[in-house]
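Single-structure report; data block below.
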Amino acid sequence: MFAKIFAWRIAAASLQSALLTIAIVLVCCGLLAALMLWISGASYGRPADDDHRSGSVIDRVKVAQFWLAYMASVFAGLMAIGHAVGIALSKDAGPELATLAAITIGIGSALGGFLAGWLVDRWPVTRLLVGLPLVAALALLVISLTPNAPIVVGLLSLVGFSYGSIIAVYPVAIANYFTVRGPQAYGQVFTAWGFAGLVAPWSAGLIYDLRADYELAMIIAAVIALGSAVCAACFRLERAA
């Protein structure tokens, strides 16, 4: 939704005005979140059974495996979200269609999160951890090959859908695997998201500056997504019942 507002503020005023609008909205959202937490009375402490018995010691190797799989799975989505407008423009999309690309990838991400929350209770977690990166990889490969801008916009929404689903499924997979140590493990694994968030958009921008197109960047992101699917399949990220 905010992509449209952002474009409108740039056209009506300036880039500075658009950034200021976003800043004000973020401050308001932060204050609202703080108010809701205060009203709810939520507090966070050590669970009663969170001791240091040998059975609850965190498995560092498994954390590293989750980290690698998670980083590779979100790489494509973060790259596509950061460059959705640029990718659409590189396929000769007009300004309106390029703005729509940013909107649809956000909508896809939101829908993916909701649907994944429903699916994760009904499908094996490993099936989702393997299948969702494959969806993103396939979409990116087709985007790299097609010159049709409307198709590109539609496929970008599919990449967003995969990304939104992935970031909803991995916390569940980690909580199921590590049980009482789930929050600690997820805190460590989630640094993979920050790493991918820095590297994926930056590397895609660098490749575009060097080649004046996104094809190589999308192929690399697709290969990394395929690597995530392989990791999820080989590392056995779902605890046996």
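Output yes when any residue across region 162-181 is farther than 26 Å from VAL63 by Cα, surrounded by fewer than 17 Cβ atoms within 10 Å (Cβ to Cβ) and of a type outside the set (Val, Ile, Thr), and no when none is. No, region 162-181 contains no residue that is farther than 26 Å from VAL63 by Cα, surrounded by fewer than 17 Cβ atoms within 10 Å (Cβ to Cβ) and of a type outside the set (Val, Ile, Thr).
Taking (1) closer than 23 Å to ALA102 by Cβ; (2) under 25 Å from the mean Cα position of the chain (by Cα); (3) not small (Gly, Ala, Ser) in turn, TRP8 satisfies each apart from (2). Residues that are touching a Pro at 6+ places or on another chain (Cβ under 9 Å) and either under 23 Å from PRO183 (Cα atoms) or part of a helix (DSSP H, G or I) (or both) within region 86-98 comprise LEU89, LEU97, listed in sequence order. Contact annotation: residue pairs with Cβ atoms under 6 Å, 6 or more positions apart or on different chains, pairing a residue in region 72-97 that is among the acidic types (Asp, Glu) with a partner that is in a helix (DSSP H, G or I), are ASP92/ALA149.
If you go through region 54-89 and keep only what is surrounded by fewer than 24 Cβ atoms within 10 Å (Cβ to Cβ) and of a type in the set (Ser, Thr, Tyr), you end up with SER54, SER56. One residue stands out among those in region 16-59 that are among the β-branched types (Val, Ile, Thr) and over 28 Å from the mean Cα position of the chain (by Cα): the one that is modelled with the highest pLDDT, which is ILE39. Any chance region 119-129 includes a residue that's without any contact (Cβ under 8 Å) to a residue 24 or more places away in the chain, of a type in the set (D, E, K, R) and part of a helix (DSSP H, G or I)? Within region 119-129 (the criterion being without any contact (Cβ under 8 Å) to a residue 24 or more places away in the chain, of a type in the set (D, E, K, R) and part of a helix (DSSP H, G or I)), the answer is yes, since at least one residue qualifies. Picking from residues in region 1-15 that are at pLDDT 80 or above and of a type outside the set (A, V, I, L, M, F, W, C), the one that is surrounded by the most Cβ atoms within 10 Å (Cβ to Cβ) is ARG9.
The values are calculated or read from the model by the stated rules, or taken from the named source; none is laboratory data. None of these values were measured; they are calculated from a predicted model. So basically every Cβ, Gly included, is an ideal-geometry build from the backbone, and we count neighbours across all protein chains shown.
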